[in-house]
Ligand code: SAH
Ligand code: SF4
Ligand code: F3S
């Protein structure tokens, strides 16, 4: 039997796309290789969101040249956002690569594995993989794509160029995939889209989708990613209150705390709008985790703009944040902006932001001491309590002392914090 091996980089959507390719290959008799050396087909699924990600992935691809030399019949492919952005530029210097698949050409994976070569990078405006159900994940958690693409064109972002227009998957297909996952024993589902707030299958929007998924028995936890502050449907909070399975966590990328920079980023909201949205959410539900993404060093970001970001971070007190320094992307509007910020300043601002946010994250973890929480066990606790093996309904990774079966829910009391991670002690029956 022919064996395949997929290396995945980038966001959760890329992980999902790799599962799509696995499904297609397995339907045609391929099996997963135990290691890359024994594979007949190797695919690198790539991310182009920042230059650093591209460099990393290209050097990994270049390292595969020796594999191809050792085994000339190996089929070597590159998939995902990097080839969609760079197209033939990527193969020019890499004649050892056999095939290139853009995010909307994954169905060609079988034909390419069987011998077709070349560049397959056509973006498509229809919800392409709606009726494919990979139903796969890192047990007991799985991602399920509910929409693909993005049409927001934030001025720094490559995604609209690599993934095309947004298109929602049919609710019937999403439910079918979640039901399959439930049958396989999966317990936590994360619904994915670059901008899930815009989910619209012409019948149902995000709040309805969440509530329908919550009705699928056996699924215990439901998360969703990513929300855009300009389009957040506040009714989601009402659904969250009605459905305890929906995680009390919203990932709401702020990107910058300066309205001037937000305008240059084409984010459509101002800092006041963002603050009002947070207040509205916290008024409707007092017990909710908020996480975010922030970019520092965007072209034209002055010390005052950066201070405004810090003020927002100190004022809102996010539970956690992904923080990046700006990376110019070819084709995007921001890459044409003058007034770029020098590397040293970008690094300084990033370190300052990380220092402040890390302290907030640590304080928030500390404040959870003594709390009793129902957590989902997601892994073995093999490494002596150093690695988190459970997740709370606030989407917080937790270390639970003792060994428990993956996929079960345990009541724990938070007794300690290691680094940023709360440590929970399981309650006894009588507690
Ligand atoms: N769809 C999501 C996430 C997109 S990419 C959203 O709208 O928020 C994930 C994060 O990467 C973004 O939120 C942003 O903070 C960061 N990012 C995207 N492009 C970037 C760039 N050119 N430079 C630095 N960070 C970037
Ligand atoms: Fe990129 Fe903006 Fe779309 Fe997010 S919403 S994927 S940051 S263009
Ligand atoms: Fe990267 Fe593409 Fe995802 S650029 S973040 S893999 S959508």
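Tabulated data for the structure shown
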| quantity | calculated |
| --- | --- |
| Extension gain from residue 28 to residue 88, taking 0.36 nm per residue of separation minus the Cα-Cα distance | 18.8 nm |
| Cα centroid separation, segment 254-275 to segment 86-105 (Å) | 36 |
| Residues of segment 305-330 with amide N under 19 Å of a point placed 7 Å along Cα→Cβ from residue 279 | 308-318 |
| Cα pair distances in the chain, grouped into 10 Å bins until the bin that holds the longest one, percent each | 4, 20, 28, 28, 16, 3, 0 |
| Alpha carbon convex hull of segment 3-120, volume per residue in cubic angstrom | 90 |
| Backbone N under 11 Å from the residue 139 label point (7 Å along Cα→Cβ), restricted to segment 388-411 | 406-407 |
| Antiparallel bridge percentage (DSSP; both residues within segment 38-193; nearest 5) | 15 |
| Residue among 45, 198, 217 with the largest mean-square fluctuation in a Gaussian network model of the chain, springs linking Cα atoms under 10 Å | 217 |
| Normalised contact order of segment 249-367, rounded percent, pairs of Cα under 8 Å and 6 or more residues apart | 29 |
| Label point distance in nm, residue 66-residue 242, each placed 7 Å from Cα along Cα→Cβ | 5.9 |
| Calculated FRET efficiency for the pair residue 343/residue 216, C-beta based, R₀ 35 Å, to 0.05 | 0.15 |
| Residue with peak Gaussian network fluctuation, the chain [Cα springs, cutoff 10 Å], from 170, 413, 355 | 355 |
| Relative contact order (%) - segment 84-128, alpha-carbon pairs under 8 angstrom, separation at least six | 42 |
| Fluctuation leader among 187, 418, 165 - the chain, Gaussian network, Cα springs under 10 angstrom | 418 |
| For segment 6-63 versus segment 393-430, the gap between their alpha-carbon centres in whole angstrom | 33 |
| Efficiency of FRET from Cβ geometry, residue 367 and residue 125, R₀ 45 Å, rounded to 0.05 | 0.45 |
| Point-to-point label distance, residue 387-residue 183, nm (Cα→Cβ direction, 7 Å offset) | 3.1 |
| Antiparallel %, DSSP beta bridges [both residues in segment 273-427], to 5 | 65 |
| Cα pair distances in segment 146-242, grouped into 10 Å bins until the bin that holds the longest one, percent each | 16, 47, 30, 8, 0 |
| Among beta bridges that DSSP assigns inside the chain, antiparallel share in %, nearest 5 | 30 |
| Zone residues, segment 126-149, relative to residue 165, backbone N less than 13 Å from point 7 Å out along Cα-to-Cβ | 126-128, 149 |
| Relative contact order of the chain, defined on C-alpha pairs under 8 angstrom at six or more residues apart (%) | 10 |
| Dimensionless Rg ratio for segment 372-426, taking C-alpha atoms and the 2.2 N^0.38 Å reference | 0.94 |
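Here, each number is a calculation from the coordinates, and none is a lab measurement. Given the structure is predicted, the values throughout are model-derived calculations rather than measurements. All Cβ positions, even for glycine, are placed from backbone atoms using ideal geometry, and neighbour counts span all protein chains on display.
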